[in-house]
Amino acid sequence: MVLEQGLRKLHVEEQRGPQLFSDNTVTADDLIDITETLKRMRLALQPDSIIKEPSFDLFEGTHSLEVNNKKLDTSLITLSQEETEYDCNTAHGESQVEKLGFVTGIVDQLCRYLICWLNDYQLLPTTILSCRYLEYLLIESANIDDMVYLKTGDLLYDQVLCSAIYGISYFAKFVERLMKNGGVCPEEDLNFNSMGLDFLSYVCEPSKINKSLKVSLEHLSAYGDTANHLVHLLKLIECLVCMEECLTKYSAGTAHLDKLMAEALYLQNKNDSETFILPLGCFSMGIQKRLSNQSPPKSLVIPSKNYDGFIVMATDLKLILSVNEAKTVMELMQFTKFFNKATQRHVISRAVFFAFIIRHDETVLGRYTFSQFAQLHPLEFSLASTEISKKLPEEAVPVLEDITNVLFDWYQNAAQNTSRYRQGYNRQLLLWDALQVQMENIELEFESKMMADRANEPFSDDSMLPFTSWIFAMKVTAMIEFVLKGFDLDVYKPFESYVMFWYSYYLSYQLESCLEKIHKFVDSRINKIVSLNKKIKKLKAGEKKEKLRAQYRFLMDTEMAQLQTNKKFLTFLLMECTIIRSLSLSQVLQFAILKSFNVIDNKSTTKCQFTSNELLYELRMKVFSSIGVPEVVPYNMIESTLNDFMISEPMFALKLKKTMECIQKETQNASIAVDNVIKCIASDKDGEVLYSATRLVKPQATDYFQRLKTSAKAIQLNSKVINAKLENKQTKNDPKSLFTMRLKSCENASSFFPLLELVDTRRQKSKSKK
Amino acid sequence: MISYRPLDLGNLLHFEHLKRLIDADLSEPYSIYVYRFFLNRWPELAYLAFDDDSEKSDEPIGCVICKQESHRNRRMRGYIGMLAVESKYRGRGIAKTLVKKAIKKMQKEGCDEIMLETEVSNNVALNLYEGMGFLRMKRMFRYYLNEGDAFKLILPLTAKSCVRTTFLEENVD
Ligand SMILES: CC(C)(COP(=O)(O)OP(=O)(O)OC[C@H]1O[C@@H](n2cnc3c(N)ncnc32)[C@H](O)[C@@H]1OP(=O)(O)O)[C@@H](O)C(=O)NCCC(=O)NCCS
């Protein structure tokens, strides 16, 4: 308000105008009189309206600062005398021992700040940029576009500290580039508020920095063991400087990452008592006051002993680089599906992922052109040995380009943070759906002119449409993922769990049918080739036999292997689908039991003064509302599905027993399927019946399925616990007043299938009374 | 008795109190611009609560601040920007009344839905809004810088809220 009142008093002091510039750099002739314009514009102003740029919206607003507001104005930060007068060109420390301690402390703090910034999502100005030396060196160097060194007269500062700071800054520059690539979300995943500093844009490659680090290490050798900590820090920084090679050279080498982990481990295990004293004023909020700043004042982070953070970063990056070993697109896809699924990977590795596989030379992993990439996906699924793959219609070519783009979206999305990941599927659904319509038309047209790709079976008259089937499978998989990821992110209330589990049941059923159809087709193609051989054996020697033999050989050489692999992979996917379907159905049945006991409803408990349960359902299903197949089930139909599952008198007890048995059976089904799947993942190889293509993400894929198995067991147990509680004589009459429901994630279980937990409100109340 | 009144934009004292009320629960205050952004453009969508029995009966003890705008020119979206009740007056249904008044007004003005964001850890706010029918539509990772995730909540008022904007007809006006 003080500010507003002050502003009201503002007026133009016309006489003072030119004298404002007392240093005579600007004369009256240089100025334009805008008094009249200002007066005219003032008249046009509406009272109480806000003066702003049209593009300045609420988002800008919530990030806006306010002059003279202590919490929002960094110019009001107060600094100590040491901070204000800190001189970077003085060798701080009385003795050489103290100087070494200071320099070690500064580098140590900077390295730990790196982890605060990258692993704990802290800001640059409150971490590494708070270092007076880093600010000074970056400013001075930018002035001459070359690295400037300190001039304290002591090499510990002038050489060792400078090289460490340039190493760290060079790594930060790599992070900045990663962020600009767009693999991860600025602000959400990573903050790069450089405060207007130039992060070594003039240093194009790292050799100068590496050399400088080597010189520093040589210099430190004279100090013996006393410089041990600093030596290891410099070696760690050397590894950080190399990190960019995965993108500058597309190198999948990991020697520097192994070394980084070893150095970090050494530093982490070092005696805790070793704390370093820092020269006063060397880390400070001063930069927030001095330089261009879009953030309000923020205190500096206090870094913990966090060297293990480097190990997390290096381990995850190693995992990403191992994608280079993918032998097929199937392996690449499975890698992408699992690497970030159960645990969110380190931001650097997520940012590297997409840029590492989709390369500047317009190839994928330097191996496939984009168009090959688009065709290989369906080929390693449903397209092998089909008519359309042999005579691809011209109209399909532009659609292949669209497929490439949607696939890029899919690959990029897999590396997003856990919340964005679900939103990505929200966007992708539309893309896959549009592709499906496009491709279906082309394939139907092709079929009408040429030949249909149909399973060679007596009663199978519907064709498989290989492209469309693949797109449909991708779409429905995305839909299931979107639905179940909502549980992981705690997006649904217990009352919504019926609809969401029912949908995942419904969608996995749809997916299963599609996969079965493709499986049947692939099987029939394999049989066709095998039967050719039988035919040959029956024929007498002669031209016809030779011709057939040549044909057989050709098919065996070109199609059989892919068909066999596809068949086993489809069997694997079918099993995965069974697991999801069975677990979803168990949850649906559990909900129905709970509703039959009247402890939960599938409707919001609100009085719905402004809305209705039907609108709420439709809002929840909004993402799917435009999808043609599988279509959204209308509200009243969803209601009737629940009624079908519910239990009522007569013979309530018997029906309850049957439903419980059903849950038992479904969870057991899921468990058995998981066991098979895990066995297949462990075996690595192309097995007899199953192939998972998860060679490069074995632990991650195993963990994902193991969690599903734990969920299956937990659901089974939970159903017994619920039954015991509800069948209890004391609670039987009015369970609704005694229990509430919540969705609970269990340890080591899949967060996609939280338990419908019955919570005793009496116990809660008595607890809260205490 | 608690009474509820729409904002009087000319009353700077109310403005000052309201700002203090809201800033009290924020780790980082909003700049004056944010308040002016809401209040000067949509003064009719801000409601204040007063304790008539208190000595300071002219100082608001609760407030809700909203806006309403066309979302991609396809549906009208109401947005609850801020809500706060002074701590000693909490748990008496004041926030609920304020929010209801605001929603009623926005509904009358033709809103198809009401939206807001709140921190995942703010159970009180989540209970309050979900008790009125709001659904969590998505979770946002580290929405509040340096702090936790947030949920985006929507309360659908008309069928338009339940159709993706891409498939809604553009408003001509
Ligand atoms: C959120 C806030 C405005 C609620 O104000 P209030 O006047 O105490 O709320 P009400 O008394 O109207 O309660 C409304 C509902 O909120 C929920 N609620 C209120 N206090 C609660 C508590 N202590 N624990 C759990 N839920 C609570 C309940 O669902 C309640 O409805 P019910 O009484 O029918 O069960 C208040 O706590 C506040 O100012 N908090 C700080 C600012 C803030 O978080 N704003 C929301 C940002 S989006």
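The values are calculated or read from the model by the stated rules, or taken from the named source; none is laboratory data. This is a predicted model, so every value here is computed, not measured. Reconstructed Cβ throughout: ideal geometry from the backbone, glycine too, with neighbour counts over all protein chains shown. To get the accessible areas, we keep the full protein, side chains included, count just its heavy atoms, and leave off ligands, DNA and RNA. Shrake-Rupley method; radii C 1.70, N 1.55, O 1.52, S 1.80 Å.
Tell me which residues, restricted to segment B:158-168, are without any contact (Cβ under 8 Å) to a residue 60 or more places away in the chain and either more than 9 Å from chain A (Cβ to nearest Cβ) or open to solvent by less than 20 Å² (accessible area, probe 1.4 Å) (or both). Hit for segment B:158-168 is B:C162, nothing else.
Residue-by-condition table, conditions (1) in contact (Cβ under 8 Å) with a residue 60 or more places away in the chain; (2) away from every other protein chain (no Cβ under 14 Å):
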site	(1), (2)
A:M474	yes, yes
A:I480	yes, yes
A:K485	yes, no
A:L489	yes, no
A:P494	yes, no
A:V499	yes, no
A:N533	no, yes
A:K540	no, yes
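Just one of the numbered conditions (1) within 30 Å of A:L726 (Cα to Cα); (2) open to solvent by less than 60 Å² (accessible area, probe 1.4 Å); (3) among the small types (G, A, S) is not true of A:G628: (1).
Residues are listed down the side, and each one gets a yes or a no for (1) open to solvent by less than 40 Å² (accessible area, probe 1.4 Å); (2) in a loop (DSSP other than H, G, I, E, B):
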residue: A:S586; (1), (2): yes, no
residue: A:T605; (1), (2): no, yes
residue: A:E614; (1), (2): no, no
residue: A:M637; (1), (2): no, no
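Looking at segment A:372-425 only, could you name the residues that are away from chain B (no Cβ under 14 Å), of a type outside the set (F, W, Y) and under 12 Å from the mean Cα position of the chain (by Cα)? Lay out the reasoning, then the answer.
Just the residues of segment A:372-425 that are away from chain B (no Cβ under 14 Å), to begin with: A:372-412, A:414.
Pick out the ones that are also of a type outside the set (F, W, Y) and you get A:372, A:374-380, A:382-407, A:409, A:412, A:414.
If the condition is that a residue be away from chain B (no Cβ under 14 Å), of a type outside the set (F, W, Y) and under 12 Å from the mean Cα position of the chain (by Cα), then A:Q412, A:A414 are the ones that fit.
Of the numbered conditions (1) surrounded by fewer than 17 Cβ atoms within 10 Å (Cβ to Cβ); (2) among the charged types (D, E, K, R); (3) touching a residue at least 24 places away in the same chain (Cβ under 8 Å), A:K390 fails exactly one; give the number of that condition. Among (1) surrounded by fewer than 17 Cβ atoms within 10 Å (Cβ to Cβ); (2) among the charged types (D, E, K, R); (3) touching a residue at least 24 places away in the same chain (Cβ under 8 Å), the lone unmet condition for A:K390 is (3).
Report those helices (runs of 4 or more DSSP H) wholly inside segment A:65-157 carrying at least 3 residues which are open to solvent by less than 30 Å² (accessible area, probe 1.4 Å).
Working: elements: A:81-84, A:96-119, A:132-144.
Helices (runs of 4 or more DSSP H) meeting the threshold: A:96-119, A:132-144.
Scanning segment A:376-391 for residues that are modelled with pLDDT of 95 or more and among the hydroxyl-bearing types (S, T, Y) returns a single hit, A:S382.
Can you say whether B:K88 is of a type in the set (D, E, K, R), open to solvent by 50 Å² or more (accessible area, probe 1.4 Å) and within 13 Å of chain A (Cβ to nearest Cβ), as far as the supplied structure shows? It is false that B:K88 is of a type in the set (D, E, K, R), open to solvent by 50 Å² or more (accessible area, probe 1.4 Å) and within 13 Å of chain A (Cβ to nearest Cβ). The number of residues in segment A:183-204 being more than 13 Å from chain B (Cβ to nearest Cβ) and without any contact (Cβ under 8 Å) to a residue 12 or more places away in the chain comes to 1. Just so you know, in segment B:12-56 the residues that are out of contact with any strand residue (DSSP E or B) (no Cβ under 8 Å at 6 or more places or on another chain) and over 30 Å from A:T74 (Cα atoms) include one that is farthest from the ligand (Cβ to nearest atom), and it is B:E55.
Is there a residue being open to solvent by 30 Å² or more (accessible area, probe 1.4 Å) and within 25 Å of A:P630 (Cα to Cα) anywhere in segment A:348-367? No, segment A:348-367 contains no residue that is open to solvent by 30 Å² or more (accessible area, probe 1.4 Å) and within 25 Å of A:P630 (Cα to Cα).
Looking across A:T343, A:T404, one residue alone is at pLDDT below 95, in the same structural domain as A:Y421 (by the TED database) and surrounded by fewer than 21 Cβ atoms within 10 Å (Cβ to Cβ). It is A:T343. Every listed requirement among (1) open to solvent by less than 70 Å² (accessible area, probe 1.4 Å); (2) under 28 Å from A:V241 (Cβ atoms) is met by A:M333 save one, (2). So which pairs qualify, if the first residue must be in segment B:10-25 and more than 14 Å from B:V64 (Cα to Cα), the second must be more than 10 Å from the ligand (Cβ to nearest atom), the Cβ gap must be under 8 Å, and the two must be at least 6 apart or on different chains? Final answer for the pair search is B:L12/A:M1; B:L12/A:E4; B:L13/B:D58; B:L13/B:E59; B:E16/A:M1. State whether one or more residues within segment B:35-56 are among the polar types (S, T, N, Q) and open to solvent by less than 10 Å² (accessible area, probe 1.4 Å). Checked against the condition, which is being among the polar types (S, T, N, Q) and open to solvent by less than 10 Å² (accessible area, probe 1.4 Å), segment B:35-56 yields no hits at all. Suppose we keep only residues that are surrounded by fewer than 21 Cβ atoms within 10 Å (Cβ to Cβ) and away from chain A (no Cβ under 14 Å) within segment B:57-67. Which one would you say is nearest to the ligand (Cβ to nearest atom)? Per the stated criteria, the residue is B:E59.
In the condition set (1) modelled with pLDDT of 95 or more; (2) within 11 Å of chain A (Cβ to nearest Cβ); (3) touching a helix residue (DSSP H, G or I) at 6+ places or on another chain (Cβ under 9 Å); (4) open to solvent by 60 Å² or more (accessible area, probe 1.4 Å), B:Y143 is compliant with all but (1).
Being within 15 Å of the ligand (Cβ to nearest atom) and open to solvent by 30 Å² or more (accessible area, probe 1.4 Å), is that true of even one residue in segment B:68-84?
Initial filter on segment B:68-84 (within 15 Å of the ligand (Cβ to nearest atom)): B:78-84.
The next check asks that each one be open to solvent by 30 Å² or more (accessible area, probe 1.4 Å); those that pass are B:79, B:83.
Looking for residues that are within 15 Å of the ligand (Cβ to nearest atom) and open to solvent by 30 Å² or more (accessible area, probe 1.4 Å), one finds at least one in segment B:68-84, hence yes.
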